[in-house]
Every structure is written in C-alpha cells, then in structure tokens.
Amino acid sequence: MKVGVTLPLAEYPAKQPSYEEIRALARQAEAAGFDSLWCFDHLLFRDGNEHSEGIWECWTTLSALAEATSRIRLGTFVLCTAFRNPAVLAKMAVTLDSLSNGRLILGLGAGWHRPEFEAFGLDFDHRVARFEESLQIVTALLRTGKAEFNGRYSWVRGGELRPRGVRPEGPPLLVGGFGPRMLRAAARHADLWNGCWFGAPATFEPALHTVRAACADAGRDPSTLRVTAGVNVVPVGGAAGADPRAPALTGTPADLADGFAGYRDLGVDHLICNLNPHHATAQRELAAALRRFRAQPDPTEEGHLS
C-alpha cells in the first residue's frame, strides 16, 4: 500500500502558510519516503457568519512543486471540475504530467462548498450533471487525445491534445465522492476512487462495500478500480489545534503504523494522510509511523499468506 500526505494550503488552523513553508514540507515528505503529495482545490472557505479563510490555488502550487521535487507523486485532492473548462483542464493535466516526468495523479470531483462558487461567480446548480459531462470530456482527451461532445453544460468540437505528453494514456484518473451518481461515474471512468475523511480502519469498511457494489452494478470487476482513502491523522502530542469533531487516526507512531496496516488489510491501495495540524514535527512523527508500517510483514505478499 502506498502512503501519501496532504499539504497545508489554507489559513486553518493557524495561519496562511507561505510557499516556502509548503515547499519545505513537500521536500521533507519526499526525503522521508512518502509516495505522494496532495493539494486541496478550493478558492476560499466562508462560514454562515461571512467569516472567510483563504487558501492558495491548487494547480499553481502543484506546478511549482513539480519543479521543487523529483520523485514523489503529485495529486489533486480533488480538483473541482466546475472551476475550469474541462478541455483546458485536460490540456493542463498532460502538461503538468510531462513537466513532472509522469508523476501526476489527476483527482477530480464536483465541489461542495457553495460560498466559494458564489464568491467567484461559478454555477452551483446541477453540480453532478456538470461533473458527469466534464468527466467524459477529460477522459476522452486524456485517453485518446481527441474528443467530440455536445452536452447541456459543456461541449467540444474537434477537441485534440497535442502533444500527448509522456504517457499516451494520460495520468491516472481519480474520482472522489460518495453519492450514487459519483460512484457510478467512478466505476465507469476512473482508475482510482477516493473516499474521505476517516479515522480508524473500521470506519472505512462501509464505504468500501459501497464502491465495490457500484462497480458490480456497472459490470466492472471491483478489483480493477483502485481504492484510496483519505484519513485524518493526529500524532500523539500533536493534538493542539486539531478539530475534535473530526474522525481521526491518533496515537504514537506504532499506533499509526497499526492503523495503516488495517487499511492495507481492507484492500486500500493508497492511503492519503491529512495531518491535523500539519507542521514539520508532526510530519516527522508520521514518517516514523511510515517506517514502522513498512517494516511490518505484509500478509498479502507471497510467503506471508496463511
């Protein structure tokens, strides 16, 4: 099982991180052996009292990190298709995938935070229908290099990606979401599916059964859709500033490593850890958990099967 970590782009819970701070955390994660880095895609957060919290733009940050790192995979968690024209998004994806030498994981979703849509003049209605159309355009362009589509919300005529990039099939496509239509879209089009946010492995089991059932309903072998899980992680001693309402995997590095093993044993292919809060010391504790997890025997490997 691969293990990645999200990067802090927003003001919450302490202050807006500078790019220098984000880059330092990214490089520390790469040096520690994490498999992937993930950036959230939001424009702002605003509560019912009109209090706003800022966040850096996902794609620009990820593009800079492609140059600042060399090995670690780079993922969007998840890119809101409503924020960008889908054909242009496919063009952006093959470009960044090539600039990073094939390290992009393109995570896509429909968005959910209405205030940011309204603040930036974006349509919030029919979000899933808009997502379904965008996904068809992005998928066709990435996998075949061409697209023809005439939908209610999106269209392309003679769409073509030139150059195709370093991977002819395009970067792997991840779909995040729980609703029936989002699960159906993942089962039909995605290479990976993501569910979040979870704590202990047992909390993830119902979601796993749901996505496997969606694959079966779509006539797809569930084993061909790789599963990723977003998990809130609070290392021991790092709870100050954590949201007490959020489910979280907590404890010492040994406790966290056992939690990682639980997700692996469920069949999760890629664990995405959201440190809460995320700073250099907390990431080092997470790295210690990663080392312990990798030192454990994997019962799914040949030679460890019962």
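When a/c reaches 1.5 or more, the comparison of a/b and b/c decides; with that in mind, is segment 14-151 rounded, prolate or oblate per its Cα gyration tensor?
On the way: a/c = 2.61, a/b = 1.10, b/c = 2.37.
Taking the square roots of the gyration eigenvalues as a ≥ b ≥ c, segment 14-151 is oblate.
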Förster-model FRET efficiency, 25 Å R0, His279 and Trp112, C-beta, rounded to 0.05: 0.40
Which of Val88, Cys39, Val3, positive extreme of dipole for the chain (C-beta unit charges): Val88
Computed magnitude of the charge dipole of segment 67-151 (debye, nearest 20; Cβ of K, R +1, Cβ of D, E -1): 380
Directionally averaged projected area (convex hull, Cα atoms, the chain), nm²: 16.2
Estimated inter-spin distance, Tyr12 and Thr252, nm [label 7 Å along Cα→Cβ]: 3.2
The chain, relative contact order in percent, only Cα pairs under 8 angstrom and at least six apart counted: 16
Proximal lysines to Lys91, defined as alpha-carbon separation beneath 26 angstrom and excluding residues fewer than eight positions away on the same chain: Lys146
Dipole in debye (nearest 20) - segment 134-277, about Cα centre, beta carbon charges: Lys, Arg +1; Asp, Glu -1: 800
Förster-model FRET efficiency, 45 Å R0, Glu20 and Asp217, C-beta, rounded to 0.05: 0.40
Segment 9-57 and segment 132-182: distance between their alpha carbon centers, rounded to Å: 27
Cα shape, segment 41-89, gyration tensor, a/c 1.5 rule: oblate
Extreme residue, positive dipole direction of segment 131-221, given options Ala207, Ile137, Ala218 (C-beta unit charges): Ile137
Length added when fully stretched, Arg181-Asn101, from 0.36 nm per residue minus Cα-Cα: 25.5 nm
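Compute, for the chain, the length of the dipole vector about the Cα centre, with Cβ point charges of +1 (Lys, Arg) and -1 (Asp, Glu) only. Units Debye, rounded to 20.
Working: 32 positive and 34 negative charges, 154 e Å.
For the chain, the charge dipole is close to 740 debye.
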Residue-averaged 222 nm ellipticity for the chain, from DSSP H runs of 4+ at -39500 (n - 2.57), nearest 500: -12000 deg cm²/dmol
Net +/- balance of residues flanking Ala31 in space, Cβ distance below 12 Å, scoring K and R +1, D and E -1: +2
Segment 101-168: chymotrypsin sites (Phe, Trp or Tyr not before Pro) falling in loop per DSSP and having at most 16 other Cβ within 10 Å: Trp112, Phe120, Phe124, Tyr153
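Short version: what are the Cα gyration tensor semi-axes of segment 1-68, square root of 5 times each eigenvalue, largest first, in whole Å? Mind showing how you got there, number by number?
Numbers: eigenvalues 118, 30, 24 Å².
They are 24, 12, 11 Å, listed largest first.
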Label point distance in nm, Glu50-Lys2, each placed 7 Å from Cα along Cα→Cβ: 4.4
Gain upon complete extension [Leu122, Thr224; 0.36 nm per residue less C-alpha separation]: 33.3 nm
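Laboratory data are not the source of any read-out in this text; all were calculated from the coordinates shown. Bear in mind the structure is a predicted one, so any value in this text is a computation, not a measurement. Note that each Cβ is placed from the backbone with ideal geometry, even for glycine, and that neighbours are counted across all protein chains shown.
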